[in-house]
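Right, one structure below, let's go through it.
The values are calculated or read from the model by the stated rules, or taken from the named source; none is laboratory data. Remember, predicted model here, so these are calculated numbers, not experimental data. Heads up, the Cβs are rebuilt from the backbone with ideal geometry, glycines too, and the neighbour counts pull from every protein chain shown. Surface areas here come from the heavy atoms of the whole protein model, side chains and all, with no ligands, DNA or RNA. Shrake-Rupley method; radii C 1.70, N 1.55, O 1.52, S 1.80 Å.
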Amino acid sequence: MEQLKEQRVHSVFEKISGQYDFMNNVISFKQHTRWRNDTMKRMAVKEGSRALDVCCGTGEWSIALAKAVGASGSVTGLDFSKNMLEVGKKKLSELKCPNVKLIHGNAMELPFPDNTFDYVTIGFGLRNVPDYLQVIKEMQRVVKPGGRVVCLETSQTTTPIVKHVFRFYFSVVMPFLGRLLAKSYNEYSWLQESAGEFLDRNELKALFEEAGLSQVTVKPYTFGTAAMHMGLKQT
């Protein structure tokens with residue numbers, strides 16, 4: 001089952017890579033950028049830090065992290081879709097971000113030693129992995145003691161009216177937009193499935209704690225349709 005999900009997700013992102021950034025802006029009404037900017041403020045990233053962006057996709061969060069860590073810091077972005085990484089590498093070349101390196105890899109088994117990074121992030125990628133807890137444990141493993149693991153992801157709202165609207169939007173409107181604008185109905189149908197099946201913010205907080213992270217803070221966005229989770233690795 002895990003392998004089937006991994007294969008399906010890989011196929012989806014390989015196909016939609018060229019339209020991914022455009023469709024992200026359309027589907028979220030650019031709210032994902034606002035959510036990420038607020039998350040970055042809460043992270044208070046220090047210059048000279050070393051950061052890892054898991055499931056980095058086309059590198060949007062990797063680029064934001066690169067600006068925060070500055071020339072003396074470094075950012076590694078990891079993703080298992082080579083097509084998404086190629087889009088990201090083109091952006092990095094255009095923006096001249098020499099302190100970012102994008103590599104091909106699997107979030108389930110991060111290719112880094114323990115205690116390597118000051119910050120480890122994952123943005124809108126956790127819901128697509130076969131085992132949520134395994135990925136969070138891997139992120140906890142590679143972050144340094146005193147470092148932070150941060151997840152920004154869709155979430156399950158508890159407001160009844162918003163919940164129904166959100167479900168309709170993801171199950172009907174989003175696949176329609178995928179077909180209309182990106183010629184990818186099936187792929188955007190999968191993305192709404194993964195969002196609909198994902199954990200609520202309390203369940204995800206519990207997984208952060210189970211993975212060994214402490215002082216886990218949660219910040220919901222837009223009526224709880226998305227949320228930030230940030231946990232500390234104890235020294």
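Before moving on, here are some points about what is shown:
- Exposed-site-free run, longest, the chain (rule: trypsin sites (Lys or Arg not before Pro); DSSP loop; at most 15 other C-beta within 10 Å): 97-182
- Shape category assigned to region 9-53 from the gyration tensor of Cα positions, a/c cut at 1.5: oblate
- An ellipsoid equivalent to the chain, defined through the eigenvalues of its Cα gyration tensor, has semi-axes of 26, 21, 17 Å when rounded to whole angstrom and sorted largest first.
- Note on region 1-86: percent of Cα-Cα distances in each 10 Å bin, starting at 0 and stopping at the bin with the largest distance, equals 17, 40, 33, 11, 0.
- HN-Hα J in Hz across region 68-82 - Karplus 6.51, -1.76, 1.60, θ = phi - 60°, x for Gly and Pro: 6, 6, x, 5, 8, x, 8, 10, 10, x, 10, 8, 9, 9, 5
- HN-Hα J in Hz across region 86-98 - Karplus 6.51, -1.76, 1.60, θ = phi - 60°, x for Gly and Pro: 5, 4, x, 5, 5, 5, 4, 5, 5, 8, 6, 10, x
- Three-way shape label, region 52-141, alpha-carbon gyration tensor, a/c 1.5: oblate
- From phi via Karplus (6.51, -1.76, 1.60), per-residue ³J(HN,Hα) for region 4-12 in Hz, x at Gly/Pro: 4, 5, 4, 5, 5, 4, 4, 4, 4
- For the pair region 191-235 / region 75-150, the C-alpha centres are spaced 17 Å from each other.
- Spin-label model, ASP114/LEU4: points 7 Å from Cα along the beta carbon direction are separated by 3.6 nm.
- Pairs from LYS101/LYS144; LYS15/LYS90; LYS5/LYS96; LYS30/LYS91 whose Cα-Cα separation, in the structure shown, is over 25 Å: LYS5/LYS96
- Summarising the amide proton neighbourhood of GLY73: residues at separation of 5 or more, or on other chains, whose placed amide H is nearer than 5 Å comprise GLY48.
- Ranked order, THR76, THR159 - accessible area, probe 1.4 Å, largest first: THR159, THR76
- Protein-only accessible surface at a 1.4 angstrom probe places the residues PHE166, PHE198 in the order PHE166, PHE198, largest first.
- Computed magnitude of the charge dipole of the chain (debye, nearest 20; Cβ of K, R +1, Cβ of D, E -1): 700
- For the chain, carbon and sulfur atoms together expose 53% of the accessible surface, with a 1.4 angstrom probe and every protein chain in place.
- Electrostatic dipole magnitude of region 76-178 [Cβ: Lys, Arg +1; Asp, Glu -1; Cα centre; debye, to 20]: 240
- Straight Cα distances below 12 angstrom link LYS67 to the aspartates and glutamates GLU47, with same-chain residues fewer than 8 positions distant left out.
- Cross-link partners of LYS233 among aspartates and glutamates (Cα-Cα below 17 Å; sequence separation of 8 or more within a chain): ASP53, ASP114, ASP118, GLU138, GLU209, GLU210
- Residue-normalised accessible area of the chain, given per residue in Å² at a 1.4 Å probe: 48
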